[in-house]
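The values are calculated or read from the model by the stated rules, or taken from the named source; none is laboratory data. Here the structure is a predicted model, which is why all the values come from computation and not from measurement. Quick reminder, even Gly has a Cβ in these numbers, built from the backbone with ideal geometry, and neighbours come from all protein chains shown.
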Amino acid sequence: MHIVREVTDHLYWIGVNDHRLALFENIHPIPEGVSYNSYLLKGEKNVLFDTVDWEACRQMMENIEYVLDGEDLDYIVINHWEPDHAASLQVVLEAYPNAKIIGNQKGFQLAEQFGFKIDEDKKIVVNEGDVVEVGDHSLTFLFMPMVHWPEAMVTLDLTNGALFSADAFGSFKALDGKLFNDEVDYDREWIDENRRYLTNIVGKYGPHIRKILKKAAPLLDQIKFICPLHGLVWRSDFGYLLDKYEHWANYEPEQKGVVICYASMYGNTEQAAQALASKLCELGVENVEVFDVSNTHVSYLISEVFKNSHLVLASCTYNLGIFPVMKNFLEDMKALNVQNREVAVIENGSWAIRSGDLISEFLDDEMKQMTVLNDRITIASHLKEGQEEELDELAKTIKDSLRA
Ligand code: FEO
């Protein structure tokens, strides 16, 4: 049975929702699933835009067969050769051996590395800015290296205004029947999974995202639909989406807010984190969130850090170092280029308390533009009654800093 939705005249979403995969890229949990989006243009020439992950291949093939309704496939555009989008290409080629493949040189190199067998006479190698006529539609191409692989490109159908944006503007979360941004309450239901996808998958490449946003700006008035490889198709409110991308790509927080992340062995560091949260809220600070680093997947923490202006890191000392899950979080922030945040540190230890110094050193030496607030709290095993004043001071400092 086919599961197909029309994007606009002659253009169909023929992708697949996946609720079976537990970990995207075998690392990021996706409790709400993910969609692999593929699109099929049925015109004078029939054109497939990207394929889907291997495990979703059968559904996509049924969808293609339904839309083509006995016609042949003329072209396949591959914007991104990562296997969650290109893995099913070989099956498509076996079913439609006359199809020619449109891609760029780097993409075809990757195809070879992944073991695809593509005859030379089947390849149409495009350069940036080329215009390729496919029947009554004209396609042009913009390269966007490192968003999120070096070969990634976007294709703009100049005839109907559909931008096939590859991973750009993609999101975790299965579509489950919906297709367009205006069919959901995006701010309530989607933004968190969109941010978690973007910041964890492409967060490192903010400068590259900025470059593609700049490159695409002159084409904006020609774009009617943004068709990413995961998540919703956008047909309105481009300004909203672009604004979010500007923030993420520039490592600017979306809001003034405090993310308190604690790593606690026996609940004593956790107590300090909770006490601070309570004091911040009492002072009227909004957007306070508390996370246990030990049982929150780091992808959620990264997303929260991108969203908020302030961060509190509370960690016990372990083997004279930072508690390993907190160290891992720090390394992940560094790898994803997190920067430009205000940070407060709470340390704990029963002897040789080291975590505070080490966290501060990491923030100063390994990351960019991380401002460590002076009021560090040091706990010797358990927060003492007399330390309430210190917590009050820290809460006040954070509040003042939020106002700045
Ligand atoms: Fe969804 Fe970079 O692939």
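So here's what we get for this one:
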{"quantity": "Candidates 99, 111, 95 - the one that is farther than 30 Å from residue 172 by Cα and either aliphatic (A, V, I, L, M) or assigned by TED's automatic domain parsing to the domain that holds residue 24 (or both)", "calculated": "99"}
{"quantity": "Number of the condition not met by residue 375 [criteria: (1) in contact with an Asp or Glu (Cβ under 9 Å, 6 or more places away or on another chain); (2) in contact (Cβ under 8 Å) with a residue 40 or more places away in the chain]", "calculated": "(2)"}
{"quantity": "Which listed residue is in the same structural domain as residue 113 (by TED's automatic domain parsing), surrounded by fewer than 20 Cβ atoms within 10 Å (Cβ to Cβ) and hydroxyl-bearing (Ser, Thr, Tyr), from 197, 186", "calculated": "186"}
{"quantity": "Residue 58, sole failed condition from (1) closer than 26 Å to residue 193 by Cα; (2) without any contact (Cβ under 8 Å) to a residue 24 or more places away in the chain", "calculated": "(1)"}
{"quantity": "Near pairs, Cβ below 9 angstrom, 6+ apart or cross-chain, from the range 81-92 (outside the structural domain of residue 28 (by TED's automatic domain parsing)) to any residue that is of a type in the set (S, T, N, Q) and away from the ligand (no atom under 13 Å from the Cβ)", "calculated": "none"}
{"quantity": "Residue check for residue 147: closer than 22 Å to residue 106 by Cβ, within 16 Å of the ligand (Cβ to nearest atom) and in a strand (DSSP E or B)", "calculated": "no"}
{"quantity": "Hits in the range 213-247 (condition: more than 16 Å from the ligand (Cβ to nearest atom) and among the hydrophobic types (A, V, I, L, M, F, W, C))", "calculated": "213, 216, 217, 219, 220, 223, 225, 234, 238, 241, 242"}
{"quantity": "Only listed residue being touching a Leu at 6+ places or on another chain (Cβ under 6 Å) and either farther than 26 Å from residue 399 by Cβ or among the small types (Gly, Ala, Ser) (or both), chosen from 272, 263", "calculated": "272"}
{"quantity": "Output for the range 150-169, where each listed residue is within 12 Å of the ligand (Cβ to nearest atom) and without any contact (Cβ under 8 Å) to a residue 60 or more places away in the chain", "calculated": "150"}
{"quantity": "Leading residue by the ranking (surrounded by the fewest Cβ atoms within 10 Å (Cβ to Cβ)) among those in the range 61-80 that are within 27 Å of residue 144 (Cα to Cα) and touching a residue at least 60 places away in the same chain (Cβ under 8 Å)", "calculated": "74"}
{"quantity": "So residue 93, is it over 21 Å from residue 207 (Cβ atoms) and surrounded by 13 or more Cβ atoms within 10 Å (Cβ to Cβ)", "calculated": "yes"}
{"quantity": "Qualifying position, being more than 13 Å from the ligand (Cβ to nearest atom), of a type in the set (A, V, I, L, M, F, W, C) and not in a helix (DSSP H, G or I), among 48, 21", "calculated": "48"}
{"quantity": "Members of the range 63-91 that are within 16 Å of the ligand (Cβ to nearest atom) and of a type in the set (A, V, I, L, M)", "calculated": "77, 78, 86, 87, 89"}
{"quantity": "Residue 200 within 16 Å of the ligand (Cβ to nearest atom) and in contact with a Gly (Cβ under 8 Å, 6 or more places away or on another chain)", "calculated": "no"}
{"quantity": "Residue in the range 218-233 that is aliphatic (A, V, I, L, M), free of Cβ contacts under 8 Å to residues at least 24 places away in the same chain and surrounded by fewer than 18 Cβ atoms within 10 Å (Cβ to Cβ) present", "calculated": "yes"}
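For (1) buried (at least 23 other Cβ atoms within 10 Å of the Cβ); (2) of a type outside the set (Gly, Ala, Ser), each residue gets a yes or a no:
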| position | (1), (2) |
| --- | --- |
| 136 | no, yes |
| 141 | no, yes |
| 147 | yes, yes |
| 154 | yes, yes |
| 167 | yes, yes |
| 177 | no, no |
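So that you can scan it fast, the table gives a plain yes or no per residue for (1) touching a Phe, Trp or Tyr at 6+ places or on another chain (Cβ under 9 Å); (2) in a loop (DSSP other than H, G, I, E, B); (3) surrounded by fewer than 23 Cβ atoms within 10 Å (Cβ to Cβ):
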{"position": "302", "(1), (2), (3)": "yes, no, yes"}
{"position": "312", "(1), (2), (3)": "yes, no, no"}
{"position": "325", "(1), (2), (3)": "no, no, yes"}
{"position": "332", "(1), (2), (3)": "no, no, yes"}
{"position": "337", "(1), (2), (3)": "yes, yes, yes"}
{"position": "358", "(1), (2), (3)": "no, no, yes"}
